[in-house]
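The values are calculated or read from the model by the stated rules, or taken from the named source; none is laboratory data. Small disclaimer: the values here were computed from a predicted structure and weren't measured. Note that we place each Cβ from the backbone using ideal geometry, even for glycine, and neighbour counts take in every protein chain shown.
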Amino acid sequence: MASRKPKAKAVNRQSVRHQSHSHPLRVFKAKEDGETVCSGCELELTGQAFKCTKSDCDYLLHKSCFDLPGETSHKSHQDHPLNLLYSPPDDESVYTCNACDQYGSGFTYHCSNCKYNLHVGCASLPETVEREDHEHPLILLYCTSCKGREDTAFICSVCEETVLEDLWVYYCRECDYGTHVYSCAAYEDQESNEEEEGEASTSPASRIKSLMKAQDEMAAMQLEARIMNDANEAALDLWDQPKRRYYW
Ligand SMILES: [Zn+2]
Ligand SMILES: [Zn+2]
Ligand SMILES: [Zn+2]
Ligand SMILES: [Zn+2]
Ligand SMILES: [Zn+2]
Ligand SMILES: [Zn+2]
């Protein structure tokens, strides 16, 4: 095969580096198909984004995740600043988010003093949301309204499950109505009846709905992968096998 001289100028002209990833990234416009997930926040990839320049690498980042500050102060954790980590702390493969109690395996805002972790998506949840099925806006609380009360538990008004007192909720004090911050936060419409109106898809509730749906799926996948891992390790001595394989 004849070898051609590469045109040096054309290569990598648009590439950028990000501390979170060892390969260069390029600008990428995400398709709004709900199928691609940001490697940072693990939520649905929409709008302006970056993609790894290597064809066999699926690393993707929202522009907003690319631009996240390395340190932030957050109302939920006022004693210490939170540091942005690009992977779970302590060499673990997952962490548990202190806001929503779901797993994360991408970026986290972390306090090492307190072992406190937030999904970067949870760290940027809006302070109020509106629901189609509730007449008042719901306010984001950083613990349930039942915290410290032994006689009462907080029940999510949507899924009717108990919410642990240190988890975040969206709450209407007037009606004592409250929900989990993830999938329950958004009005559960018929899946088949989703209308993509421009206005609807930018409302906070529908934004959270699509974000949190992706997050739920990720959490389920991670859990599944963990369970499979545990089973493999229990069943076999894997010393001669590659430690990790990525099929995606
Ligand atoms: Zn992201
Ligand atoms: Zn890559
Ligand atoms: Zn979370
Ligand atoms: Zn702390
Ligand atoms: Zn719920
Ligand atoms: Zn209300």
Original post:
Among all residue pairs at least 6 apart or on different chains, which show Cβ distances below 6 Å where the first residue, located in the range 107-124, is under 21 Å from Q19 (Cα atoms) and the second is within 16 Å of ligand 2 (Cβ to nearest atom)?
Top reply: F107/G40; F107/Y86; V120/F107
**OP:** Kindly indicate which of S112, S87 is among the polar types (S, T, N, Q), in contact with a helix residue (DSSP H, G or I) (Cβ under 9 Å, 6 or more places away or on another chain) and more than 16 Å from ligand 6 (Cβ to nearest atom).
**Re:** S112
**OP:** Test each condition in (1) of a type outside the set (G, A, S); (2) modelled with pLDDT of 95 or more; (3) over 11 Å from the mean Cα position of the chain (by Cα) for D91 and report the one that comes out false.
**Re:** (2)
Subject >> Where a residue in the range 174-187 is free of Cβ contacts under 8 Å to residues at least 60 places away in the same chain and its partner, wherever it lies, is among the charged types (D, E, K, R), with Cβ under 7 Å and at least six apart >> reply: S183/K213; S183/D216; A186/K209; Y187/R131; Y187/E132; Y187/D133
**OP:** Keeping to the range 50-68, report how many residues are more than 16 Å from L84 (Cα to Cα) and surrounded by fewer than 23 Cβ atoms within 10 Å (Cβ to Cβ).
**Re:** 10
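Mind checking which strands (runs of 3 or more DSSP E) fall wholly inside the range 108-186 and carry at least 3 residues that are under 17 Å from the mean Cα position of the chain (by Cα)? Steps first, please.
Values: elements: 108-111, 116-119, 138-141, 169-172, 177-180.
The strands (runs of 3 or more DSSP E) meeting that bar are 108-111, 116-119.
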**OP:** Mind listing whichever residues of the range 79-97 are charged (D, E, K, R) and under 25 Å from H180 (Cα atoms)?
**Re:** D79
Subject >> Extreme residue, nearest to ligand 2 (Cβ to nearest atom), among residues of the range 124-145 that are surrounded by fewer than 16 Cβ atoms within 10 Å (Cβ to Cβ) and within 8 Å of Y170 (Cα to Cα) >> reply: T128
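Among the residues of the range 157-175, count how many are out of contact with any strand residue (DSSP E or B) (no Cβ under 9 Å at 6 or more places or on another chain) and within 15 Å of ligand 5 (Cβ to nearest atom). Can you show your working first?
Let us first name the residues in the range 157-175 that are out of contact with any strand residue (DSSP E or B) (no Cβ under 9 Å at 6 or more places or on another chain), namely 160, 166, 174-175.
Checking the rest, the ones that are also within 15 Å of ligand 5 (Cβ to nearest atom) come to 160.
The qualifying residues number 1.
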